[in-house]
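The structure appears right after this line, and notes come after that.
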Amino acid sequence: MADVKTDEGMLLEEELPKKKKGGFVPPESAFNITSLMDALTIILIFLLKSYGSDPMQVPQKKNELMVPQSDTMSNMVECVDIQISRSTIVVKGKKIVVVTNGTVSSSDTPDGFTIKALKDTLDEIRQKEIEAKGASAGEAGFQGDAFIAADTSIPWKLVNQVMMTCTRAKYIRFSFAVVKTRGG
Amino acid sequence: MARKKMAVEEKLEDINLMPIMNLLCLLIPFLLLSAQFIQIGIVLVDTPRQSKSQSKPDENQKSLGLEVIIKQDGYDVKTKSGGSACPQRAASNQVCIPVTHAGGKKVYNAVALRKLLYDKFYKPHYKNNSLDKSKDAPKPAGAFSDWGKVTIVPEDTILYETVIQTLDAARELPPEAKNEIQDIKGGTLACVFKKKPGDKEWQLEGNCMFPLVAVGR
């Protein structure tokens, strides 16, 4: 019977590597990772940029700390940060007071307004800040800015208590953390 | 000659990218975990105690004394000089802008509040008033000594989210201002606070309605 080869069969035969003695040798294929490297480099640059843009971080945690949305276009500056979540008040990453159902216990607020533990911590931070700026600057160099990040469901009474405590610790200007709804 | 050239080409090898790949594969998960994909901004507020201690107003100038009270049943707006902004509703013991209910939740109408502040207080007076703080600038007749200031008084049980909405409503101009106000700077209605590192004071930029907000009693 005559061996009939189609055009396709002939082409296939041409492309396949020729068999050598001693078995099949696969074609040499270099794994090209250049495009992967490009993609990874772009991701890395984007992440590095978003990592270093804000002076402070506000962790958004569901059922714990979700800051409200706002139309604001103002950006934050570095200052003492106070986080009021559903369970705690945190100053510069350190847990200070326990919050239960949007309130602090009466033992934490002897006069009904000032949160004692918070005031002590803020006094300490203020003292350190003044010392760091040097004797020449002294109290005049102290800016007294406080950054408050509170959960959306926190009642105003607690935020007001925190603000009053800050005022008594000589932090008199406040900026509330919000999620921007428009760019800028 | 040709043989020599071929020998050189054979020596060239690809750069070993594996160490860089390893480094990238470690860095990317770390950065992904710590990255923040939402933009955090700030809303600046003051306390009424501090605003009182600021420079004494000129005795010849009148003050507006604008106040927004956030009550359980809605927004109430009044001025120290003229009383309630909605006298008819106040006469029947009702708030200016009542809350609505949607999906079992109370909704404060911040859009209506912005419009009321704009129509009743900003639009009739903005020509005679300026947020420019320079003391030497001549102040026209009808200028308020506390222009740009508003005191927001929330009740204790009001949610923090509602207070932020109210601050937004007082600070930003409504969309119709773009056509109605002649001296809109830059063509946008954004009101921005900026502060350079080391500066003590915040600078106001853009177009604002009542940006100097004091919260509390």
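The values are calculated or read from the model by the stated rules, or taken from the named source; none is laboratory data. Since this is a predicted model, take the numbers as computed values, not measurements. With ideal geometry, Cβ positions are generated from the backbone for all residues, glycine too; neighbour counts draw on all protein chains shown. All accessible areas refer to the heavy atoms of the entire protein, side chains included, with ligands and DNA or RNA removed. Shrake-Rupley method; radii C 1.70, N 1.55, O 1.52, S 1.80 Å.
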Practice task
Can you grab the distance from the C-alpha centre of the range B:63-105 to the C-alpha centre of the range B:145-217, Å, no decimals?
Solution key: 19 Å
Fill in the blank from the handout: Listed by chain and number, the residues whose amide H is under 5 Å from that of B:LEU17, excluding neighbours fewer than 5 places away on the same chain and using placed H, are none
Problem - Calculated from backbone phi, Karplus (6.51, -1.76, 1.60) coupling profile of the range A:38-51 in Hz, x at Gly/Pro - result: 4, 4, 5, 5, 5, 4, 4, 5, 4, 5, 4, 5, 5, 6
Completion exercise
Chains B and A: accessible area buried, summed over both chains, 1.4 Å probe, nearest 100 Å², reads 4700 Å²
Handout entry: Restricting the range A:49-114 to trypsin sites (Lys or Arg not before Pro) in coil, as DSSP defines it, with at most 10 other Cβ within 10 Å
Key = A:LYS62
Handout entry: Long-range amide H partners of A:PHE174 with built H, under 5 Å
Key = A:ALA146, B:VAL45
Completion exercise
Across 10 Å bins beginning at 0, the whole-percent shares of Cα-Cα pair distances in the range A:69-180 come to 14, 46, 30, 10, 0
Handout entry: Most to least packed among B:205-214, B:164-173, A:158-167, B:25-34 [average Cβ atoms within 10 Å]
Key = B:164-173, A:158-167, B:205-214, B:25-34
Completion exercise
Amide H contacts under 5 Å for A:ALA150, restricted to residues at least 5 apart in sequence or on another chain and with H modeled in the peptide plane, are A:ILE84, A:ALA177
